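Inspection log for the structure reproduced underneath, given as structure tokens.
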Amino acid sequence: MREGRPPARWESGAATMRLNQNILLLGKKVVLVPYTPEHVPRYHEWMKSEELRRLTASEPLTLEQEYVMQHSWQEDADKCTFIVLDAEKWQAQLGTSEESCMAGDVNLFLTDLGDPTLGEIEVMIAEPSCRGQGLGTEAVLMMMSYGVTKLGLTKFEAKIGQGNEPSIRMFRKLHFEQVAVSSVFQEVTLRLTMSEPERQWLLEQTSHVEEKPYRAGASEPRSQPALRTSHPAWMGV
């Protein structure tokens, strides 16, 4: 997440971008869940890393500020975010917290006030043991599929630091093409327009994904976890 990003304030789209508040997406390698207060302590530990802050253009925050940021991300109309869980750990460790299964996050921004069909996408696999295993690739595919089918997006952009070759290679493998280079921000912009063939390809790549109601409760089985009702990046892919 880019914690210093100024909001675009898509007030009319607030309900649309909050659709994922009670949604869990189950893939083969990753599980995508809404960003809740349960995830903040681990996320805060990740963001103590200078490298992660540099790659995500984030400022250092206190734990209290991180909780405020989490609430902001949940409420802002121009953002859609999921925490990425390691599916193997999540399915194997019944009775443990989601925090122990966290791998990173994946985000969509509505950044163009004149084009609500364009979403900027970014992913961060922050947990070192989860990198290099394809978790970032599946998380991006699942998020793009969600954006296409639920949010009406038809174009995606990814802004990546020029030195972040793993992320650049991953997005190119996902059919993104480089469209701009910023020497000021030292980043490249890649874009993918969802033509009908690209849309069909994306849906085929994510045909295995299951959508379920999001429930969080350590004592419940994974197939029937308890509903959470009490609470309102670019690397290592």
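The values are calculated or read from the model by the stated rules, or taken from the named source; none is laboratory data. Quick caveat, the model's predicted, so the values are computed rather than measured. All Cβ positions, even for glycine, are placed from backbone atoms using ideal geometry, and neighbour counts span all protein chains on display. The accessibility values were calculated without ligands, DNA or RNA, using every heavy atom of the protein model including side chains. Shrake-Rupley method; radii C 1.70, N 1.55, O 1.52, S 1.80 Å.
Tabulated data for the structure shown
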quantity: All positions within region 150-175 that are small (Gly, Ala, Ser) and within 17 Å of residue 56 (Cβ to Cβ); calculated: 158, 161, 163, 167
quantity: Complete set of residues in region 72-90 that are in a helix (DSSP H, G or I) and either out of contact with any His (no Cβ under 9 Å at 6 or more places or on another chain) or among the aromatic types (Phe, Trp, Tyr) (or both); calculated: 72, 73, 75, 87, 88, 89, 90
quantity: Any chance residue 75 is under 19 Å from residue 22 (Cβ atoms), charged (D, E, K, R) and open to solvent by 10 Å² or more (accessible area, probe 1.4 Å); calculated: yes
quantity: Residue identified as over 30 Å from residue 162 (Cα atoms), outside any loop (DSSP other than H, G, I, E, B) and at pLDDT 60 or above among 198, 204; calculated: 204
quantity: Matching residues, region 30-46, being hydrophobic (A, V, I, L, M, F, W, C) and open to solvent by less than 10 Å² (accessible area, probe 1.4 Å); calculated: 30, 31, 32, 33, 40
quantity: Matching residues in region 91-115 - criterion: being surrounded by fewer than 15 Cβ atoms within 10 Å (Cβ to Cβ) and either in a strand (DSSP E or B) or at positive phi (or both); calculated: 95
quantity: Region 171-186: number of residues that are open to solvent by 50 Å² or more (accessible area, probe 1.4 Å) and either at pLDDT below 95 or assigned to a strand (DSSP E or B) (or both); calculated: 8
quantity: Top-ranked residue in region 119-145 [being within 16 Å of the chain's Cα centre (by Cα) and open to solvent by 10 Å² or more (accessible area, probe 1.4 Å); ranked as farthest from residue 202 (Cα to Cα)]; calculated: 127
quantity: First in region 92-114 and of a type in the set (Ser, Thr, Tyr), second anywhere and open to solvent by 40 Å² or more (accessible area, probe 1.4 Å) and in a loop (DSSP other than H, G, I, E, B), Cβ under 6 Å, 6 or more apart; calculated: 97/218
quantity: Test: residue in region 125-148 that is in a loop (DSSP other than H, G, I, E, B), modelled with pLDDT of 95 or more and over 22 Å from residue 52 (Cβ atoms); calculated: no
